[in-house]
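Remarks on the structure that follows.
Read-outs throughout are calculated quantities, based only on the coordinates presented, and are distinct from any laboratory measurement. Just so it is clear, the structure is predicted and the values come from calculations on it, not from any experiment. Every residue, glycine among them, receives a Cβ derived from its backbone with ideal geometry; neighbour counts consider all protein chains shown.
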Amino acid sequence: MENFVFCINATMPIFFTMILGMWFRKIRLFTEDFVNKMNKFVFHAALPALLFKDIAEVDIREAWNGKLVIFCFLATVASIGISAAASLCFSRQIRGEFIQASYRSSSAVLGIAFIQNIYGSSGIAPLMIIASVPLYNAMAVVVLTLFRPGEKEDMKALAARTCKGIITNPIIIGIVLGILYSLLSVPMPVILEKTVSNLAVLATPLGLMAMGGSVKFGEAFVDLKPTIICAVMKLTGFVALFLPIGIHMGFVGDQIVSVLVMLGSATTVSCFIMAKNMGHGGQFSSGVIILTTLFSSVTLTAWLYLLKTMGLV
């Protein structure tokens, strides 16, 4: 019972905060334009500040875990490959969205919130983000371009857009700056520390409410069967496949929790935004986001309970 209470306390506040976002949108306290701007603010300012702060305040040489970074990268590559193979069973019209939605987790917003709620800081999560987020973004551009309705994009232009997307990603920039500051081993001035902290503390609550406010039911479940299959792969399939490998490799504590949120957290709202901006309908992505957002509260609690029972958290 103690383990169950621990898991509920770790997961439920996160999802109740997301539900607040849904409720505020329903009563029109949040408008679509406001939610979009809040998502943009969290992505471009608050979340990079949080990651910068958490990394800058630790000794990166001591915290670095090459084995975890390599594992997260290879697990992400394998997940993308499995998603691509599974997408062949469905219409080409939704194939690009299926691949992206099945592997691309909200590991930055939801994952950081999850780990913060357990350990009080982002812990080792930035290392997981380094290994997975650039690959998330790069492959999203590739698959959405390859399966986009209409004319195909020139491969040279595709490569240029992919590289630019990685280099200019605010989350990656925040992590890199945090690593550089940590390597300098210079104490952070009080004025800078408090300013960054004031910005960083907004990332989790605003990010979660914006994520909840972004969920739209509308016409999300037109392709119900592939939507359900994609959601099951996202919440349980990759976790069941790769989490035991992570456990076997000796990951414990915030390391194994980072692996869990990378593999089994809800599909990021960015999937819908990116799909729409790259010429796809977006309805399929929206359906997967809704299902994974609603049911990840159950699945993540169950996975965390299992890890807690095994003494790994």
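Using the alpha-carbon positions of region 265-313, Rg (one decimal) and Dmax (whole number) come out as 14.8, 46 Å. Kirkwood hydrodynamic radius computed over region 2-309 comes to 19.5 Å, based on all pairs of distinct alpha carbons.
Structural descriptor for the chain: relative contact order 33 percent, calculated from alpha carbon pairs under 8 angstrom and at least 6 residues apart. When the chain is treated as a Gaussian network with alpha carbon springs shorter than 10 Å, the biggest mean-square fluctuation among Leu243, Leu206, Leu74 belongs to Leu74.
Sorted fewest first by neighbouring Cβ atoms within 10 angstrom, Glu97, Glu193, Glu62, Glu32 come out as Glu62, Glu32, Glu193, Glu97. For the listed residue pairs Lys40/Lys216; Lys37/Lys194; Lys53/Lys164; Lys37/Lys276; Lys37/Lys308, the alpha carbons are over 27 angstrom apart in Lys37/Lys308. Panel note: the C-alpha atoms of region 18-122, placed on their principal axes, show extents of 48, 45, 23 Å (largest first). Entry note, the chain: the mean residue ellipticity at 222 nm calculated from DSSP H runs of n ≥ 4, each adding -39500 (n - 2.57), is -24000 deg cm²/dmol after division by the residues and rounding to the nearest 500.
Between Arg148 and Ala85, the FRET efficiency estimated from the beta carbon spacing at R0 = 25 angstrom works out to 0.80. One quarter of the surface of the convex hull around the alpha-carbon atoms of region 187-313 equals 10.7 nm², the direction-averaged projected area. Loop-located trypsin sites (Lys or Arg not before Pro) across region 5-75 with a Cβ neighbour count of 16 or fewer within 10 Å are Arg28, with loop assigned by DSSP. Here the peptides 181-189, 195-203, 263-271 are ranked by packing, the mean other Cβ count within 10 Å, and the order with the highest first is 263-271, 195-203, 181-189.
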